[in-house]
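Here the structure is laid out as structure tokens; the discussion comes afterwards.
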Amino acid sequence: MSADSLSTSRAADTAPLPRAWLIVGLLWVVGCLNYLDRVLLTTMRDSIKAAIPMGDDDFGALTMAFLIVYGLLSPLGGWCADRFSRSGVILVSLAVWSTVTWATAYVQTYNQLLATRVLMGVSEACYIPAALALIADYHRGSTRSLATGINISGVYAGMALGGLGGWMADTHGWSSGFLVFGVFGVAYAVVLAAFLRDVPRVQNEDNVVETVPLFQTLAVLGRNRQLWLLTLHWSLLGFAGWAFVTWMPSYLREHFDLTQTKAGFTATAYMQAAALAGVLCGGVLADRWSRRHPRGRIFVPMIALTLASPFVFISANSDTLWIVAACLVVFGFARGCSDSNMMPILCQVADPRHRATGYGILNFIACLVGAVAAYLGGWLKERNVDLSYILMASAFGVLLSGVLLAAVRPARSE
């Protein structure tokens, strides 16, 4: 076979399958709801505390409980996506967490609110591993980072729209946001069921027809050194990400005397808008770089996070609001570059049969670390320790997460 024929064959092998971009579009909305529903709570702290008495450590414990349950069940959720229908897992997850969001509008006690956060952790644990694995099935190399980036942009849109929680709480009461978005999610699950499909086995690039028992899968992944490097990288970003999501609205309100609405939008909108640009730019750049170098997908987040870490530190120390907002933009862009490439990098270091389970393990460890960050902020606040300290610690985590990527070596071409 000639060189031109080999090149043409390889391009065909890595081209996206039919319906590939439709799948990305459908899941964009789901990813938006996934994060919107979970971060609504953090942007309406004062309104919720006024309606349901609790301390700051209790408020931090709400996010901590969600993350612990979400993290613990993520590997199991990922394995279900590897073992059963990815689209089926996504549909069930969306329907259940939207119902829980809807029910949250009617809670009246702290224990009831805590129970809804736990149930949300259970229901959302299955979604991200299944969605990213399904996108990786449809996008087989040449568009994988961009497709992942577009999907993750929905997540960031959801986090940015989370700022609506403060406005809705101020104008319509804290329960209104949970009611509106819960009902919408249930309705969208019905629509999604008509269009979402798995890749037919005969079209799957890896021809995966056998499934592996859960404990055997965990044993294989547990021996994968590259996976553990990625897990440590992701965990450090999880600490920084959840510290900012949970406590930056409170930090801005207290340090700059902002309203709940303005603090919520400032803490989320700028950073997530930049992250939207980051996932798209990072995805395009990584796809192109990977054609010339096997570690191209690794280089993009490695460089972005390393350069962004000083700006994360400045955001916790500046007394000028526009400088803080600018630093959040830099951090958001770098985080987006990482998010668009995590599943594509995982596809280079893990067996295709274990893709979703591997991502579940990443989520498991990262969410436990993120839970510590969420609770630690409340624990420090109860003891009159400034929230800037946990935000400064996040800067060192971002720097180390970027440096760790330099040690990751792909075991597979894609």
Q) Say we look at segment 374-393 and pick out the residues that are within 21 Å of the chain's Cα centre (by Cα), within 14 Å of Tyr251 (Cα to Cα) and among the small types (Gly, Ala, Ser); which of these is modelled with the lowest pLDDT? A) Ala374
**Q.** Contacts under 6 angstrom Cβ, first residue in segment 97-119 being of a type in the set (Lys, Arg), partner in a helix (DSSP H, G or I), 6 or more apart
**A.** Arg117/Leu62; Arg117/Ala65; Arg117/Phe66
(Q) Given the condition under 19 Å from Leu214 (Cα atoms), modelled with pLDDT of 90 or more and among the aliphatic types (A, V, I, L, M), answer yes or no: does some residue in segment 112-122 qualify? (A) yes
**Q.** Residues satisfying the stated conditions in segment 274-304, i.e. crowded, with 20+ Cβ neighbours inside 10 Å and either farther than 17 Å from His139 by Cα or of a type in the set (Lys, Arg) (or both)
**A.** Ala274, Ala275, Leu276, Gly278, Arg297, Ile298, Val300, Pro301, Met302, Ala304
Q: Return yes when Ser85 is over 23 Å from Val183 (Cβ atoms) and either hydrophobic (A, V, I, L, M, F, W, C) or touching an Asp or Glu at 6+ places or on another chain (Cβ under 6 Å) (or both) and no when it is not.
A: yes
Q. For Leu67, are the conditions met, namely being surrounded by 24 or more Cβ atoms within 10 Å (Cβ to Cβ) and either touching a Cys at 6+ places or on another chain (Cβ under 6 Å) or of a type in the set (S, T, N, Q) (or both)?
A. yes
Q) Quick one: would you say Cys327 is assigned to a helix (DSSP H, G or I), without any contact (Cβ under 8 Å) to a residue 60 or more places away in the chain and touching a Ser or Thr at 6+ places or on another chain (Cβ under 6 Å)? A) yes
Q: Consider only pairs whose beta carbons are under 7 Å apart and that are at least six residues apart or on different chains; among these, list those whose first residue lies in segment 372-397 and is more than 23 Å from Leu305 (Cα to Cα) and part of a helix (DSSP H, G or I) and whose second residue is hydroxyl-bearing (Ser, Thr, Tyr) and modelled with pLDDT of 85 or more.
A: Leu380/Tyr389
Q. Any idea which of Arg335, Arg353 is crowded, with 24+ Cβ neighbours inside 10 Å and in a helix (DSSP H, G or I)?
A. Arg335
Q) Do any helices (runs of 4 or more DSSP H) lying entirely in segment 1-87 carry at least 3 residues that are farther than 27 Å from Val372 by Cβ and modelled with pLDDT under 90, and which ones are they? A) 3-14
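Results for (1) modelled with pLDDT of 85 or more; (2) buried (at least 20 other Cβ atoms within 10 Å of the Cβ); (3) of a type in the set (D, E, K, R); (4) closer than 21 Å to Pro352 by Cα, shown as yes or no for each residue.
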| site | (1), (2), (3), (4) |
| --- | --- |
| Arg225 | yes, no, yes, yes |
| Ala243 | yes, yes, no, no |
| Met248 | yes, yes, no, no |
| Arg253 | yes, yes, yes, no |
| Phe256 | yes, no, no, no |
Q. Can you find even one residue in segment 258-265 that is touching a residue at least 60 places away in the same chain (Cβ under 8 Å), of a type outside the set (Phe, Trp, Tyr) and either under 22 Å from Cys367 (Cα atoms) or buried (at least 24 other Cβ atoms within 10 Å of the Cβ) (or both)?
A. yes
Q) Can you tell me which of Val155, Val100, Val122, Val118 is surrounded by fewer than 24 Cβ atoms within 10 Å (Cβ to Cβ), under 17 Å from the mean Cα position of the chain (by Cα) and in a helix (DSSP H, G or I)? A) Val122
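The values are calculated or read from the model by the stated rules, or taken from the named source; none is laboratory data. Note that the structure is predicted; figures quoted are calculated from it, not measured. Positions of Cβ are backbone-derived with ideal geometry, glycine not excepted, and every protein chain shown enters the neighbour counts.
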